[in-house]
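**Student:** Got a structure here, written out as structure tokens. Questions coming.
The values are calculated or read from the model by the stated rules, or taken from the named source; none is laboratory data. Note that the structure is a prediction, hence the values are computed from the model and not measured. Quick reminder, even Gly has a Cβ in these numbers, built from the backbone with ideal geometry, and neighbours come from all protein chains shown. With ligands, DNA and RNA removed, areas are computed over all heavy atoms of the protein, side chains included. Shrake-Rupley method; radii C 1.70, N 1.55, O 1.52, S 1.80 Å.
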Amino acid sequence: MAKHNELGKKGEQLAVDFLIKNSYDIVERNYRFDKAEVDIIAQKEDTLAIIEVKTRSTIDFGNPQDFVKPKQIKNLVKAVDEYVNVNGLDVEVRFDIIAIVKEGKSFKIEHLEDAFYHF
């Protein structure tokens, strides 16, 4: 597996562990619909948190959260709309980003709630 794929998988697992530690229930991982993949769908109380995980080995080229592009957001919103409708959910939906940066042998994790809004 390519190094960036390994880093991405590690980042997703760190994000899951972080969310569980912060009282979220993990509902789905890597949910796919059409052209989108939702990294993590988690729930905390009556809120469904749609979480995009961005992991980087360095911030030399920008912060991880800066790599979530408008087209990706559009595809995520479409996928989540489908997910909520198919499952008949009546919940508040929030879009978050978990930005992870490798710092030596450890990782810095930043949870950005309401990172972007659906239209």
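**Student:** About the Cα centre, and with charges only on the beta carbon of Lys, Arg (+1) and Asp, Glu (-1), how big is the dipole of segment 4-45? Nearest 20 debye, please.
**Tutor:** Once rounded to the nearest 20, the dipole reads 80 debye.
**Student:** May I pose another question? Considering the values (1) 7.7; (2) 10.3; (3) 7.0, which represents mean projected area of the Cα convex hull in nm² as calculated for the structure under consideration?
**Tutor:** From the options (1) 7.7; (2) 10.3; (3) 7.0, the structure gives (1).
**Student:** Just how large is the dipole of segment 1-73 about the Cα centre, in debye to the nearest 20, putting +1 at every Lys and Arg Cβ and -1 at every Asp and Glu Cβ?
**Tutor:** 300 debye
**Student:** Still on this structure, I have one more. In terms of Cα to Cα distance under 28 Å, which lysines are near enough to Lys108, apart from those fewer than 8 places away along the same chain?
**Tutor:** Counting by Cα, and skipping residues close in sequence, Lys108 has these lysines nearby: Lys3, Lys9, Lys10, Lys21, Lys44, Lys54, Lys69, Lys71, Lys74.
**Student:** Which residue fluctuates most in the GNM of the chain (Cα springs below 10 Å): Leu89, Leu76, Leu19?
**Tutor:** Leu89
**Student:** Let me ask something else. Run the numbers for Glu82 and Ile59: contour at 0.36 nm per residue of separation, minus the present Cα-Cα distance, in nm.
**Tutor:** That works out to 4.9 nm of additional length.
**Student:** I'd like the orientation of helix 3-21 relative to the chain: the angle between its Cα long axis and the longest Cα principal axis, in ° from 0 to 90, rounded to 10.
**Tutor:** That helix lies at roughly 60 degrees to the long axis.
**Student:** Picking from Asn87, Asn22, Asn63, which is most flexible by a Gaussian network model of the chain using Cα springs under 10 Å?
**Tutor:** Residue with maximal mean-square fluctuation among Asn87, Asn22, Asn63: Asn87.
**Student:** Let me ask you something else. How far, in nm, would the chain grow between Asn5 and Glu45 when pulled straight, counting 0.36 nm per residue and subtracting the alpha carbon separation?
**Tutor:** Between Asn5 and Glu45, full extension yields an extra 11.2 nm.
**Student:** For segment 49-119, what is one quarter of the convex hull surface built on the Cα atoms, given in nm²?
**Tutor:** Details: hull surface 21.4 nm².
Seen from a random direction, the Cα hull of segment 49-119 projects 5.4 nm² on average.
**Student:** When ligands, DNA and RNA are left out and all protein chains stay put, how many square angstrom of accessible area per residue does segment 1-93 have with a 1.4 Å probe? Can you show the working numbers first?
**Tutor:** On the way: 5830 Å² over 93 residues.
Dividing the accessible area of segment 1-93 by its residue count gives 63 Å².
**Student:** Okay, moving on. What is the angle, in °, between the Cα long axis of helix 70-86 and the longest principal axis of the Cα atoms in the chain? Nearest 10 is fine, range 0 to 90.
**Tutor:** Between helix and principal axis, roughly 40 degrees.
**Student:** Let me ask something else. Sort Arg56, Arg94 by heavy-atom solvent-accessible area, probe 1.4 angstrom, most to least.
**Tutor:** In descending accessible area the options line up as Arg56, Arg94.
**Student:** Most fluctuating residue of Glu37, Glu52, Glu92 in a GNM of the chain with Cα springs under 10 Å: which is it?
**Tutor:** Glu92
**Student:** Give or take rounding to whole Å, what are the principal axis extents of the alpha carbon atoms in segment 10-62, in descending order?
**Tutor:** 38, 31, 17
**Student:** Roughly how many nanometres apart are two label points built 7 Å out from the Cα toward the Cβ at Lys69 and Lys105?
**Tutor:** 3.7 nm
**Student:** Follow-up. Relative contact order, percent, of the chain when contacts are C-alpha pairs under 8 Å separated by at least 6 residues?
**Tutor:** Rounded, it is 23 percent for the chain.
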